[in-house]
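Peer 1: The structure that follows is given in the form of structure tokens.
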Amino acid sequence: MTSPILALRAALRSALLADADLVERLGGARVWDQPPQGTSPPYLLFAEAEARDWSDADVAGHRHALALVAWSQQAGDAEALGIVERAALLLDGAEPAVEGHRLLLLRVSAQEAWRPDRQGLRRAVLRLTALTEPA
């Protein structure tokens, strides 16, 4: 069986990269677990993820909490927040196919803007909640 976290991430990545506007904002298909070495922002990275047991007596399942982080080199938060806002619009309530699992719910739970890191890179975070069960 495919890891529920990896399966959900793959489905989300496919859904995000199917959107021409987001791909244009990112400058290409730049949604990863880790950026290739030497890659400059903007890009969108999968960050922390958690899948907790959500089973009951009749149905097995997982409750997911996961985050995507938009990274930007531009001064100010506009680029990073624009990427997160577009991703939120695409994913909130979406129903992408998740290999080996059935997606029951996908919701945006929060959007955040963070202070620049030591290199001056801006970050915005999109937090998602999902419910899945084995297919």
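The values are calculated or read from the model by the stated rules, or taken from the named source; none is laboratory data. The structure displayed is predicted, hence computed values, not measured ones. Methodologically, a virtual Cβ is constructed for each residue, glycine included, from the backbone with ideal geometry; neighbour enumeration extends over all protein chains shown.
Peer 1: Do we have E79 as in contact with a Ser or Thr (Cβ under 9 Å, 6 or more places away or on another chain), closer than 22 Å to G38 by Cα and in contact (Cβ under 8 Å) with a residue 24 or more places away in the chain here?
Peer 2: Taking the combined requirement at face value, the residue satisfies it.
Peer 1: I would also like to ask the following. V84: among the β-branched types (V, I, T) and outside any helix (DSSP H, G or I), yes or no?
Peer 2: Spelling it out, it is not the case that V84 is among the β-branched types (V, I, T) and outside any helix (DSSP H, G or I).
Peer 1: On the given criteria, is E112 assigned to a strand (DSSP E or B), charged (D, E, K, R) and touching a residue at least 12 places away in the same chain (Cβ under 8 Å)?
Peer 2: Yes: the conditions hold for E112.
Peer 1: Could you list, in sequence order, all residues of region 12-24 that are of a type outside the set (D, E), closer than 17 Å to F46 by Cβ and surrounded by fewer than 19 Cβ atoms within 10 Å (Cβ to Cβ)?
Peer 2: R13, S14, L17, A18, V23, listed by residue number.
Peer 1: Only residues that are within 17 Å of A124 (Cβ to Cβ) and modelled with pLDDT under 95: list them for region 1-39, please.
Peer 2: P35
Peer 1: Checking Q34 against (1) in a loop (DSSP other than H, G, I, E, B); (2) surrounded by 11 or more Cβ atoms within 10 Å (Cβ to Cβ): exactly one of these is not met. Which one?
Peer 2: Every listed condition holds for Q34 apart from (2).
Peer 1: Looking only at region 59-81, which residues are in contact with a Leu (Cβ under 7 Å, 6 or more places away or on another chain), part of a loop (DSSP other than H, G, I, E, B) and crowded, with 18+ Cβ neighbours inside 10 Å?
Peer 2: If the condition is that a residue be in contact with a Leu (Cβ under 7 Å, 6 or more places away or on another chain), part of a loop (DSSP other than H, G, I, E, B) and crowded, with 18+ Cβ neighbours inside 10 Å, then G61 is the only one that fits.
Peer 1: I would also like to ask the following. Could you say whether any residue in region 47-54 is more than 23 Å from D117 (Cβ to Cβ), touching a Lys or Arg at 6+ places or on another chain (Cβ under 8 Å) and surrounded by 13 or more Cβ atoms within 10 Å (Cβ to Cβ)?
Peer 2: For region 47-54, residues more than 23 Å from D117 (Cβ to Cβ), touching a Lys or Arg at 6+ places or on another chain (Cβ under 8 Å) and surrounded by 13 or more Cβ atoms within 10 Å (Cβ to Cβ): present.
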